[in-house]
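Please read the structure below before turning to the comments.
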Amino acid sequence: MGHPAAAIIAAFLRRTDNKIMPTEVPAIIRNRMAAATQNKPRVLPPSVAHALAQAYDIAVPTQELATSADEAVAIQAKIVGPVALKIVSDDILHKTDAGGVVTNVADADAMRKAYADIMASAQAYKADADISGVLVQEQIPAGQELIIGATSDPVFGKLVAFGLGGTMVEVLKDVTFRLAPTTARIAQDMLAEIKGSAILDGVRGSEPVDRQAIANLIVNVSRLINDFPDIEEIDLNPVIVSGASIAAVDVRILMNYEPAPARPRPSHEAILASMQRIMKPRAVAVVGASAEDGKIGNSVMKNLINGGYGGDLHPVHPKAAEILDRKCYASVKDIPGDVDIAIFCIPAAFVANVIRECGEKGIAGAILIPSGFAEIGEHELQAEIVQAAQAAGVRLMGPNIYGFYYTHHDLCATFCTPYNEKGVVALSSQSGGVGMAIVGFSRSANLGVSAIVGLGNKADIDEDDLLTYFEQDDNTQVIAMHVEDLKDGRAFAEVASRVSKKKPVIVLKAGRTQLGARAASSHTGALAGDHRVYASVLHEAGVIRVEKLNDMLEFARGLAVLPTPQGENVLILTGAGGSGVLLSDACVDNGLNLMPMPDDLDAAFREYIPPFGAAGNPVDITGGEPPSTYEATITLALNESRIHSLILGYWHTIITPPMVFAELLGNCVETARAQGIDKPVVCSLVGDVEIEEACDYLNERNILAYPYTAETPVAVLGAKYQWARTAGLLN
């Protein structure tokens, strides 16, 4: 298959540093690409697409374009075996829909008929279609059909795609994405991630395929789109693989000669320098401060004062002499000494000019509470404040935010309700409503936080700025983020990949049911919906992705409490068989490993449970057992080194009431911790309302307990395991 020159070109391009530079592509390819794109065609001619594919070691069948039946017959004579015919037209995207594909053409008579039929079908499908001709192509033997492609995503940039292909690709949508360029190891992960992964290993007698060959092809496609910025999409569909043989039957390359410019980003050092001053300011100015109750400028001032902020606080108002016993200044420029942040409580129309004044004053950050910008269609006004900030060297948080909290600096820079419970969880949101839900949950669950940050329109500071700061913040150990969109998904993924190996990063991506508004121009483009791309890239980055707000909050609380497991063996201990079944199902759903019960440990548990109980895994002590049975079996599980995590399913009984269970469990865990045994323990309590008090008792002692649910405690434990695997902490 392929042209003899392909092997020479591919050998030249095959490198050990996993990168091909366009300037190093042999002249034969560069010149052909330049000639083909001189008139800026939307779709590359098939001959050029195939030449590029061959240059990047992408196996393709022999093929030529015919513009008449006689030419098709002449081309057929040069190919051994049957051929396939495919219509070539920029106006016909899906060839099969137009009757534009004929296979198994074996002789000249069949060729003439097939050529006439395919042209007639195409013209009937779209009478005004501009038809370049018919591609006569070596027919590849049947095998497993895959799709391998690449696309330019407005959020994440260049992406490579893999999934099950063929005519059903848009129906099955079994596809995953990664940032391009990628590596062979990550490509192998893509193969394992699709739902139909087992098909690749052979089913019902079919031959297993060469996974490494597929992974190599994914890598080569990712290099190709990364090396040529003007390539917008690459669509190899189908790729036919059979055993060790692999070939891209159809190669379609779409161009975009005006790609969006990369979003400018400050350096890592510059981000940290600004964020340090923003999160831990020594002096704060409140622009638009007010002495009048009910005004945002008044609420911000009171929160800062009542929250115990210990730095210098400067109200700014053009007419007032004093506000809340603080000397007032007409402008930020009039404030003596350095100022780190300015909190804006003024109408949107006045923001840009004050930002310029902040730049003259050397203020690091502008906290923009005002609304009235892009969220209501005022994009030009938002662009003006961004330009003003960039020129002034001021970082913007917002606009359209509730402000932010950093508890370890006693900083309550918001007009919302104050919150000062110190802890190790940092949370952020784009929505003010979600932000208040975070505050409310934190208060209700006694969740100590290091920070709660509103990002709003994200005109400047966004999630990767926060990740960069929280990565080195000793007060933060868990990071949870509500995200409606990412301004620079690639920057976020790159930072999250690094941070997630040190601290859990939890993301709630809102809008997961909406596909991107961008019109699909190929199979790959059609499959690259927001939800699918976000899920794939965030998975690659090691992010713990959730789909519900409550899950984000519970995971944040739970991951801050649970110790890191030392192994994969999970044991369920329950007083109710039904709970054991639900907990077992939840373990499967959350990727947890229920340890096989060793005979000696089985015998040890049977010493304490009745004959009609079950020692396997789950261990069912039954509902009629006294507190001593719970205590003995829990102690055994905690002290058994082969058990790495424990899930408890409590059933409310009169024999062992909820608070009795809670107190004995608390004592067991406290004793184990005193002996240096601190393994993850989560509890599901079912019963009457008394179990709520029992859960509160346990949670106060850092033992995660949840009433009326079997799924939540297991999901939280599963999230802890997901992070531990990402961080490489499990044996």
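Taking Lys and Arg as +1 and Asp and Glu as -1, the other residues whose beta-carbon sits under 10 Å from that of Asp230 total -1.
The fraction of all Cα pairs in the chain landing in successive 20 Å bins from 0 to the largest distance is 15, 36, 32, 15, 1, given as whole percents. Ordering of 651-657, 452-458, 541-547, 610-616 by packing is 452-458, 541-547, 651-657, 610-616, highest average first (other Cβ atoms within 10 Å, averaged per residue). For the set Lys548/Lys679; Lys280/Lys720; Lys158/Lys487; Lys295/Lys319; Lys503/Lys548, the pairs lying more than 23 angstrom apart at their alpha carbons are Lys548/Lys679; Lys280/Lys720. Give me the distance between the Cα centres of region 254-317 and region 78-110, rounded to whole Å. Computed from Cα coordinates, the inter-centre distance equals 62 Å. A Förster radius of 22 Å combined with the Cβ-Cβ distance from Asp688 to Arg642 puts the calculated FRET efficiency at roughly 0.05. Per residue, the solvent-accessible area of region 392-446 (1.4 Å probe, heavy atoms of protein chains only, all protein chains present) comes to 31 Å².
Within the accessible surface of the chain, defined with a 1.4 Å probe on protein heavy atoms only, the carbon and sulfur portion equals 52 percent.
Phi angles across region 573-580 convert, under the Karplus curve 6.51 cos²θ - 1.76 cosθ + 1.60 with θ = phi - 60°, into 3J(HN,Hα) values of 10, 9, x, 9, x, x, 5, x Hz, Gly and Pro given as x. Our helix-only sum for the chain, with -39,500 (n - 2.57) per DSSP H run of n ≥ 4 divided by its residues, gives a mean residue ellipticity at 222 nm of -11500 deg cm²/dmol. Projecting the Cα atoms of Ala84, Ala127, Phe162 onto the charge dipole of region 72-182 (Cβ charges, centred on the Cα centre) puts Phe162 farthest toward the positive pole. Per-residue 3J(HN,Hα) values for region 549-557, derived from phi via the Karplus relation 6.51 cos²θ - 1.76 cosθ + 1.60 with θ = phi - 60°, read 4, 4, 5, 4, 6, 5, 5, 4, 5 Hz in sequence order (x marks Gly and Pro). Taking every alpha-carbon pair in region 293-427 and binning the separations at 5 Å intervals from zero gives 2, 10, 19, 22, 22, 15, 8, 2, 0 percent.
For a straight C-alpha distance cut-off of 16 angstrom, the aspartates and glutamates reachable from Lys501 (same-chain residues fewer than eight places away being disregarded) are Asp464, Glu471, Asp473, Asp474, Glu540. Note on Arg356 and Ala106: the model spin-label points, each 7 Å out from Cα along the C-beta direction, lie 8.1 nm apart.
Nearest 0.05, what FRET efficiency do Asn446 and Met659 give at R0 = 22 Å with Cβ-Cβ as r? Computed FRET efficiency for Asn446 and Met659: 0.75.
Plainly put, region 663-731 has a radius of gyration that is 1.02 times its Kirkwood radius, both from alpha-carbon atoms, as the Rg/Rh ratio. Straightening the chain between Lys195 and Ala116 buys 24.4 nm, computed as 0.36 nm per residue apart minus the Cα-Cα spacing.
Once the C-beta distance of Ala321 and Ala510 is scaled by a Förster radius of 51 Å, the resulting FRET efficiency is 0.70 to the nearest 0.05. Ranking of Cys416, Cys358 by solvent-accessible surface, largest first: Cys416, Cys358 (1.4 Å probe, protein heavy atoms only, all chains present). For the pair region 418-432 and region 372-390, the centres of their Cα atoms are 26 angstrom apart. Rounded to whole numbers, the Karplus 3J(HN,Hα) couplings from phi for region 638-645 are 5, 8, 7, 5, 6, 8, 9, 8 Hz, using 6.51 cos²θ - 1.76 cosθ + 1.60 with θ = phi - 60°, and x at Gly and Pro. Heavy-atom accessible surface of Glu378, to the nearest 10 Å², is about 90 Å², with a 1.4 Å probe and all protein chains retained. The charge dipole of region 560-615, taken about the Cα centre with unit charges on the Cβ atoms of Lys, Arg (+1) and Asp, Glu (-1), comes to about 160 debye, rounded to the nearest 20. Solvent-accessible area per residue in region 336-381 equals 41 Å², computed with a 1.4 angstrom probe and all protein chains kept. Extension gain for Glu207 to Asp91 (0.36 nm times residue separation, less C-alpha to C-alpha distance): 38.0 nm.
Entry comment: accessible area of region 455-512 is 26 Å² per residue, from protein heavy atoms only and a probe of 1.4 Å.
Available extension along the chain between Asp410 and Glu384 is 6.1 nm, counting 0.36 nm per residue and deducting the alpha carbon span. Looking at region 385-510, the pairs of alpha carbons with a distance over 27 Å make up 13% of the total.
In this Cβ point-charge picture (+1 for Lys and Arg, -1 for Asp and Glu), the chain has a dipole of about 1560 debye about its Cα centre.
The values are calculated or read from the model by the stated rules, or taken from the named source; none is laboratory data. Owing to the predicted nature of the structure, the values given are computational and were not obtained by experimental measurement. Please note: Cβ atoms are built from the backbone with ideal geometry, for glycine as well, and neighbour counts cover all protein chains shown. We work out accessible area using only protein heavy atoms, side chains counted, and drop any ligands, DNA or RNA first. Shrake-Rupley method; radii C 1.70, N 1.55, O 1.52, S 1.80 Å.
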